[in-house]
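Q: Take this structure first; my questions come after.
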Amino acid sequence: MSAPTEAKEPLITPEMRATIGVEGRSTTQEVDRTMVRLFARATGHTDPVYYDVDAAKAAGYRDLPCPPGFLGTPIFNPGAPRMDPTAAMGPQPSRPLRRILNGGTEIEYLADICAGDVLTSATHTSDLEETKGSIGEMLVVTSKTVYKRDGEVVAISTGKLIRY
Amino acid sequence: MTLKVGDKHEAVVIEKVSRTHTTKYAGASGDYNPLHHDDGVAQGLAGYPSIFAHGMLSMGLTGRMLTDWLGPVALRKFGVRFTRQVWPGDTLTSKGEVISVGEYNGEPVATIKVWTENQNGEAVVEGEAVALNA
């Protein structure tokens, strides 16, 4: 297969670059016992600290601790005003990219998070990169979400989405 | 438990991934992307051979190997890359090995290389964890 001869315009537009660092809308996540148990079950945990409040307290936790990868559940309210989904995606690349893969996630824990906690979080795009790989041209979008409890940062999640 | 460089742990974290597993994870995480439960969408719209598991399910399973080894809230940092998709029928084994010990934010910690392999020995998750080591 021969490479295209004409130089392609970059996927990343100036409008996209302008979104780097701009904090998105703040959302609220509840960490509650039922969801901790449901998440623990879905990821196969058998340690009773994720299910039994007495076991959690006996092990020194305030309440059921969050299993790795769980940072609360956003509150769903069908009556709340909805954002236009295309607006929520932000400015789009110069050529349409149909597929999306999760390229990776890192969570930094700055405090223990347990059932009963209410977290607020806001996400911003921290980096945009275009590259070529085995799956063709790719746009790698890095975003950071900062989770706070009573104003204190308790976790920072950094995610990479690959669009291609 | 005090960890030292070279300490290792591994565990089978899921056997024969099924649509029930991905549906459970969808409900628990709130990620209802149909690519993870609806073969029609995965094949028709996106051209995949079938549904595949959420990357974050693999991360959660890999995390379970760590918390079973180290305790529920020992983790200070846990980061992974998803290097290969996980398909129905796959069986995953998560592995960890301590690569250094030191301090992080004033606490004694161990840095652990983590990875999860499918039944063919191919890595589906690769990453690193920093855990309290006291």
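Q: Please go through the stretch A:79-107 and pick out each residue that is part of a loop (DSSP other than H, G, I, E, B) and either modelled with pLDDT of 85 or more or within 13 Å of another protein chain (Cβ to nearest Cβ) (or both).
A: Passing the criteria: A:P91, A:Q92, A:P93, A:S94, A:R95, A:P96, A:L97, A:R98, A:R99.
Q: Mind listing whichever residues of the stretch A:108-144 are closer than 20 Å to B:V73 by Cβ and not in a loop (DSSP other than H, G, I, E, B)?
A: In the first step, residues of the stretch A:108-144 are kept if they are closer than 20 Å to B:V73 by Cβ; the result is A:108-119, A:121.
Within the stretch A:108-144, A:E108, A:Y109, A:C114, A:V118, A:L119, A:S121 qualify.
Q: Select from the stretch B:70-84 the residues that are touching a Leu at 6+ places or on another chain (Cβ under 9 Å) and either closer than 29 Å to B:P108 by Cβ or at pLDDT 95 or above (or both) and list them in ascending order.
A: Result: B:L70, B:G71, B:V73, B:A74, B:L75, B:R76, B:F78.
Q: Related question: Any idea how many residues of the stretch B:6-32 are more than 19 Å from A:G72 (Cβ to Cβ) and within 11 Å of chain A (Cβ to nearest Cβ)?
A: Let us first name the residues in the stretch B:6-32 that are more than 19 Å from A:G72 (Cβ to Cβ), namely B:6-23.
Still in the list and also within 11 Å of chain A (Cβ to nearest Cβ): B:11-15, B:20-23.
The qualifying residues number 9.
Q: Just name the residue that is surrounded by the fewest Cβ atoms within 10 Å (Cβ to Cβ) out of those in the stretch A:50-78 that are part of a helix (DSSP H, G or I) and over 25 Å from the mean Cα position of the chain (by Cα).
A: Looking at residues that are part of a helix (DSSP H, G or I) and over 25 Å from the mean Cα position of the chain (by Cα), I get A:D54.
Q: Here is a check on your reading of the model: is B:V13 under 18 Å from B:T93 (Cβ atoms) and either of a type outside the set (G, A, S) or free of Cβ contacts under 8 Å to residues at least 24 places away in the same chain (or both)?
A: So B:V13 fits the description; yes.
Q: Taking the stretch A:132-153 as the region of interest, how many residues are on the phi > 0 side of the Ramachandran plot and in contact (Cβ under 8 Å) with a residue 12 or more places away in the chain?
A: Final tally of qualifying residues: 1.
Q: Separate question: Conditions first: (1) out of contact with any strand residue (DSSP E or B) (no Cβ under 9 Å at 6 or more places or on another chain); (2) more than 12 Å from chain A (Cβ to nearest Cβ); (3) among the hydrophobic types (A, V, I, L, M, F, W, C). B:A110 passes all but one, so which condition is the exception?
A: With respect to (1) out of contact with any strand residue (DSSP E or B) (no Cβ under 9 Å at 6 or more places or on another chain); (2) more than 12 Å from chain A (Cβ to nearest Cβ); (3) among the hydrophobic types (A, V, I, L, M, F, W, C), B:A110 is out only on (1).
Q: Evaluate the following for B:T93: is it within 12 Å of the chain's Cα centre (by Cα) and in a strand (DSSP E or B)?
A: Yes: the conditions hold for B:T93.
Q: Still on this structure: Quick one: which residue in A:K148, A:K144 is closer than 23 Å to A:P14 by Cα, of a type outside the set (S, T, Y), at pLDDT 95 or above and within 17 Å of the chain's Cα centre (by Cα)?
A: Details: A:K148 fails: closer than 23 Å to A:P14 by Cα.
Exactly one residue qualifies, and that residue is A:K144.
The values are calculated or read from the model by the stated rules, or taken from the named source; none is laboratory data. These figures come from a predicted structure and were not determined experimentally. Heads up, the Cβs are rebuilt from the backbone with ideal geometry, glycines too, and the neighbour counts pull from every protein chain shown.
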